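The values are calculated or read from the model by the stated rules, or taken from the named source; none is laboratory data. From a predicted model like this one, the values you see are computed outputs, not experimental measurements. Every residue, glycine among them, receives a Cβ derived from its backbone with ideal geometry; neighbour counts consider all protein chains shown. Heads up: the accessible areas ignore ligands, DNA and RNA and are worked out on the full protein's heavy atoms, side chains in. Shrake-Rupley method; radii C 1.70, N 1.55, O 1.52, S 1.80 Å.
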Amino acid sequence: MSVLPPLDVLSDGMFNFSIDRGGTFTDIYCLVPTTPTPTPIVYKLLSQDPSNYADAPTEGIRRVMKHYLRGGTEWDRGKSLPVSNIKSIRMGTTVATNALLERAGSRTLLLTTSGYGDVLQVGNQSRPDIFDLTITKRSNLYEASEEIDERVAMLTDKMKAQEGQDWEGEVKETVTGETVRVIRPVDVPKVREILQKHYDNGVRSVAVVLMHSYLYPDHEVAVGEVCREVGYTQVTLSHETSRMVKLVPRGQTTVASAYLTPSITDYLKGFKKGFEDSLMSKVSVTFMKSDGGLTRVGSFSGHQAILSGPAGGVVGYAKTSYSRYPPSTPSAPPKAVIGFDMGGTSTDVSRYGGVMPTVYETTTAGVTVMTPQLDINTVAAGGGSKLTITKGGVMQVGPESVGSQPGPVCYRKGGSLAVTDANAVTGRVVKERFPKIFGPNEDEPLDEEGSRDMFKKMIQDAGGEIGGMKTPEEGYKDADITTERFLNLRYEGTDTAIFTKSNEDGTDFWSDYGNTFSTHYQREFGFDLDRDVIVDDYRVQCIVPGPSLPSLVPPTPLGPPPPSAFVMSKKAYFEGGWQDVKVYDLAMMSPGHQVSGPAIIVQDISTIVVEDECEAIMNVEGDLEINQIKEDPVMLSIFGHRFMGIAESMGKTLQRTSVSVNIKERLDFSCALFGPGGGLVANAPHIPVHLGAMQEAVSYQIKHWGLEGMQPGEVFVSNHPQLAGGSHLPDITVITPVFRHGKIVFFVASRGHHSDIGGIAPGSMPPNSTTLLEEGAQIIATKLVKDGVFQEQAITEILNKPPYPTRNLRDNLSDLRAQVAANQMGIRLVNELITEYDLPTVQGYMGFIQRTAEGSVRAMLKETAAALSSTSLTATDYMDDGTPIKLTITIDPDTGSATFDFTGTGPQVLGNHNAPPAVTYSAVIYSLRCLVSSEIPLNQGCLNPIRFIIPPGSILNPSPDAAVVGGNVLTSQRLVDVILKAFKACAASQGCMNNLTFGNEGFGYYETIAGGHGAGPTWDGKHGVHTHCTNTRITDPEILERRYPVMLHKFEIRKGSGGTGRRTGGCGLTRVIEPLEPLVMSILSERRSRRPYGMAGGGDGATGVNLLKRKGGNLVNIGGKATTNLGVGDLLIIQSPGGGGYGKAAEEGEKVEGEETQPAPSFEGVGNGSLQAYKENQFSA
């Protein structure tokens, strides 16, 4: 696509190629063997142009060799390319990435342990976006899932010590020295029968994912042998793909490898076909892996290739940009470098600060991959991002890409409008300097008029308005290789390990690793733990750094470029409208030349737009450095994201520093930022039921202590639901004031669900409590930190207070310290923001953002009144005991304010599903945010238009001593059902959280179990997913069985439990658990007698069922709320409710309303890296 520059003398030496095959363009970097030094050549062409060539990298190599090799006539198109003058080819490719995004990989069969056939579909049971009523979830990579009748289970030292217990199965020692029980060996004939059935159906790729295979791989090995015997060409075993604990991410990694590797293999075959047969034996051909290393063709598999292309960019800019300028002072460290790589399909952002930023588990396009990858954060935005018009008449960019085939409209291939077309018609692309390579003969320019005509058509269709590093196998000397050794270390009782590099200063563990690990842990988490250190695994990395580049010296400023660099003046559209701008030729500029924006600078392979109020200066290597010379005026959005970023960073710290499974693994916590009066400023989207409740807790502490009574170095803690703004006792809120010059300017707070806080049942979620005392320790207003000292004795006395002390004080204290550390992170970030701007500006934008949210809610309420032709909305639903929850909403169509009147709701009950008022506030703010179609900040402004009437003494406003543990997790769900029913938004979801707790006097465990999702006018309900007021993750099956004395026999979709209708409701789940020692198990659930309602003629979802099967006994229904003692061999079976259906079922041949709005996507927006993973964590809490 670009033009190859001429060289004075043709070469007959050895050429070295480095290639980046992107989704839209392929870039060729070649070192042409000229003397005295090789000449670097950069060339760009379309990645897909099937009318002219089959493979872009091969075509690029052909063109370069034909142009620069003496006697290059034999390099004509259509011939196998000779390799005698090619020394090396290094390539980064997006083949695997595109196959993943477009779901275009190999047809794949998943084989897994009996009872786990749906485990990867359910995943961690969370939904991607808590405010999306449709719950958009990505499709599975595998075509079919089959269960294998085999089972391996843990055999712990505690189990061995149980007297008189004869454990089922053959005992085997594992690679780690631990022991397991082989309860059922692999049924080989049955496996062969399953494999043959799918093989005969055309499937050739299989992923084998068995429980605990990371410890005991023998069963996977046996299954793999049968797969190969049947004839499968791609057999991927999970213990070979990633030998780490956690069935779900390891399984998803394995499926990704099985799904993507054939695409890599096919591409490599096609690439090799373009050359002589001796390519692989005579040329060093290596591919970039996602971790930034190079590997030979035979070792390049799908799960290692997802970030192949972007990883090369990180390696490149780390080498060329980091530590090139002398430091400002001799002791100053080098400045970190930000990489921003916007291509045709996506944009990659990363950071390099001297060490390659590596993550070991990340999510791309909905698929979690557990393998080393550079920390690259990707969004679906680039020059090829597709432009469409939403129903509201707003232009939307992406996430789909038009690619390079057919590409944008201006490529003359019948493509669709893209960002490139917008740049063409606004004058930001200089078509006169664009190569004429379009059209059937590759000799026509960009079709600017075609783009313009298509935009005109878009406007007409919208009604006339649119809003606006090499591997050692290469043969290096030992002296050239740097070896780094890492241990993956964690404290006993925690699940998040830290890769710790050996300092190689000592001869024992602590001098080599332990001190470094302890220091790193202290720095990252704010405290250390007095626990044993566990080694999970080790890693050895070999690096050949290559030659260092010389330091850069800032050039002498020369002012504007010379007249010879001036190309033309042209009109181009910038922020202020159409402007006459100058176009300069980069090749005619010298180091030190400066160009002030708005301007355009062109070169052979790219166009650089210098925005208004920016300045570009050429450095000594001929690269441009662009500096902003005035602040961006779009501050409202910036502050909204900064406030939210503070809350999200607090959550990240809390997750990383906590100890309990409940907070670290299940992410049952929330973090938020509040104004000096206690009003919510920003609440990270963690737990919906916490959204509006935490400000009640902050407001109470302000009222109790007074602003003058709060001092620097103090942290406050509470959990009382009725008196202190809590939700239920296990949710402990830690509140810290932010001081500035001795005055409180903000508050930060974190709320975490502690797995045990006392009470009459392990897990502190007793099904049969009738008073608050029976539910655990009560904290109204206590100083958790005083004068900077953690008040361990005082909080211990509260948590251990008779008659029902906590069963897990150690984890309580550790998690409370983690909450304090999270708040400290929030304070640091708030102070940085104030320092960057000033206090009046920061607090001013706090008010602006709250008013923005308020305006959005008012507009939605006005639209609702108009759409339903009514200002009065009513709905009633019932708890399983018959207690009504009644709501009347009265909307003022002029102001957009509304009254939510719960008069008629039933009285307080002698049970625990009473709900304090804070729960009602949370249910309302969550529902309103879901109903507002646009993205709005979530803060106090959302509730400003709302007036509440909650009758005292009702189930929604109980007395201070009433039991409420079920109100937060059960009644909250029914409240949302009632609100959405009043707005006629969708059918009911499962209406429950299925709260399961178990334990004994030594520990307590708590989990919530997902169910069916309610259908709506344009969507079917999703199966096995958390809805509405919760979004907690489920503990991974292997973590569950490693840490707790239970065996998970089954975790699968409860087929047929969703409501029927034009749009069907989602199905619930079935979960079967066996205790491996005597335990008290409790279930607290709803929708066991009253079915989740359907809407507009749709059928109701199925009720849930809780069953108990004693060893050798009958199956017994234990009801919705029960506590029982279970022993080894007993089974607890939880079947969660389904979601309601929507609309009457369509007659045969009748079109379903809205089905055209949900086509099967050919492209899915990409998102990966630590930021994407953390974003999903926020929505998976």
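If the chain linking GLN579 and ASN488 were pulled fully straight, counting 0.36 nm for each residue of separation and taking away their Cα-Cα distance, it would gain 27.1 nm. Electrostatic tally near VAL349: other residues with Cβ closer than 11 Å to its Cβ, Lys and Arg +1, Asp and Glu -1, net -2.
Using the Kirkwood radius built from alpha carbon pairs, what does the Stokes-Einstein equation give as D for segment 1001-1047 at 10 °C and 1.306 mPa s, in µm² per second? The partial results should precede the final answer.
On the way: Rh = 13.0 Å.
Translational D for this selection: 122 µm²/s.
Solvent exposure of MET635, expressed as accessible area, is near 20 Å², computed with a probe of 1.4 Å over the protein chains only. Placing unit charges on each Cβ (+1 for Lys and Arg, -1 for Asp and Glu) gives the chain a dipole about its Cα centre, and among TYR845, ALA565, VAL620 the Cα reaching farthest toward its positive end belongs to TYR845.
Amide hydrogen proximity for ALA875: with H placed 1.01 Å from N in the peptide plane, the residues at 5 or more positions away or on another chain lying under 5 Å are LEU887. Spacing of the modelled spin labels on HIS641 and GLU449, each 7 Å from Cα toward Cβ, amounts to 4.0 nm.
If the chain between LYS456 and ALA161 were fully stretched, how many nm would it gain, using 0.36 nm times the residue separation less the Cα-Cα distance?
Stretched out fully, the LYS456 to ALA161 stretch lengthens by 98.4 nm.
Solvent exposure of HIS593, expressed as accessible area, is near 20 Å², computed with a probe of 1.4 Å over the protein chains only.
Counting Lys and Arg as +1 and Asp and Glu as -1, what is the net charge of the other residues whose Cβ lies under 11 Å from the Cβ of SER596? Walk me through the numbers before you get to the answer.
Details: positive: LYS582; negative: GLU611, ASP612, GLU613, GLU615.
Summing Lys and Arg as +1 and Asp and Glu as -1 gives -3.
Spin-label model, ASN201/TYR837: points 7 Å from Cα along the beta carbon direction are separated by 5.7 nm.
In the frame of its principal axes, segment 61-160 has Cα extents of 75, 45, 25 Å, reported largest first. Here the dipole of segment 240-302 is about 140 debye; that uses its Cα centre as origin and unit charges on the Cβ of Lys and Arg (positive) and Asp and Glu (negative). Rounded to the nearest 20, the size of the Cβ-charge dipole of the chain about its Cα centre is 1060 debye, with Lys and Arg at +1 and Asp and Glu at -1.
About the Cα centre of segment 716-842, what is the dipole size in debye to 20, counting +1 per Lys and Arg Cβ and -1 per Asp and Glu Cβ, all else neutral?
Details: 10 positive and 12 negative charges, 41 e Å.
About 200 debye.
Compare the Cα positions of PHE746, GLN304, GLY1098 along the charge dipole of the chain (+1 at Cβ of Lys, Arg; -1 at Cβ of Asp, Glu; about the Cα centre) and return the one farthest towards the positive end. Projecting each Cα onto the dipole axis, the largest value belongs to GLY1098.
Work out how much length CYS542 to THR874 would gain on full extension: take 0.36 nm times their residue separation and subtract the Cα-Cα distance, in nm to one decimal. Walk me through the numbers on the way to the answer.
Values: separation 332, 0.36 × 332 = 119.52 nm, distance 6.74 nm.
Full extension from CYS542 to THR874 adds 112.8 nm.
Pairs of Cα atoms in segment 286-382 fall into 5 Å distance bins, from 0 up to the last occupied one, in shares of 3, 13, 22, 22, 19, 11, 6, 4, 2, 0 percent.
Between PHE340 and ASN1000, what is the FRET efficiency for a Förster distance of 51 Å, r being their Cβ-Cβ separation, to the nearest 0.05? Before the final figure, lay out each step's value.
Numbers: r = 54 Å, r/R0 = 1.06.
That gives a FRET efficiency of 0.40.
Other residues within the sphere of radius under 9 Å centred on the Cβ of MET91, judged by their own Cβ, net out at +1 (K and R +1, D and E -1). Taking the average, over residues, of other Cβ atoms within 10 Å as the packing measure, peptides 158-167, 943-952 rank 943-952, 158-167 from highest down. Ranked by the mean number of other Cβ atoms within 10 Å of their residues, highest first, the peptides 381-388, 1056-1063, 512-519 come out as 1056-1063, 381-388, 512-519. Just so you know, the Cα atoms of segment 980-1125 work out to an Rg and Dmax of 16.3, 50 Å. Looking at the chain alone, DSSP beta bridges between its own residues are antiparallel in about 80 percent of cases.
Using a 1.4 angstrom probe with every protein chain in place, what is the largest-first accessible-area order of PHE639, PHE455, PHE790?
Values: PHE639 0, PHE455 30, PHE790 50 Å².
Sorted by accessible area, descending: PHE790, PHE455, PHE639.
For segment 364-369, putting each phi into the Karplus relation 6.51 cos²θ - 1.76 cosθ + 1.60 with θ = phi - 60° gives couplings of 10, 6, x, 10, 7, 10 Hz, in residue order, rounded to whole numbers and with x for Gly and Pro. Taking packing as the residue-averaged number of other Cβ atoms within 10 angstrom, the listed peptides 313-320, 285-292, 195-202, 232-239 run from highest to lowest as 285-292, 232-239, 313-320, 195-202.
Toward the positive end of the charge dipole of the chain, with +1 on the Cβ of Lys and Arg and -1 on the Cβ of Asp and Glu, the farthest Cα among PRO36, CYS930, HIS704 is that of CYS930. Computed over the chain, the convex hull of the alpha-carbon atoms projects to a mean area of 48.6 nm². Put LYS456, LYS886 in order of accessible area, highest first, and with a 1.4 Å probe you get LYS456, LYS886.
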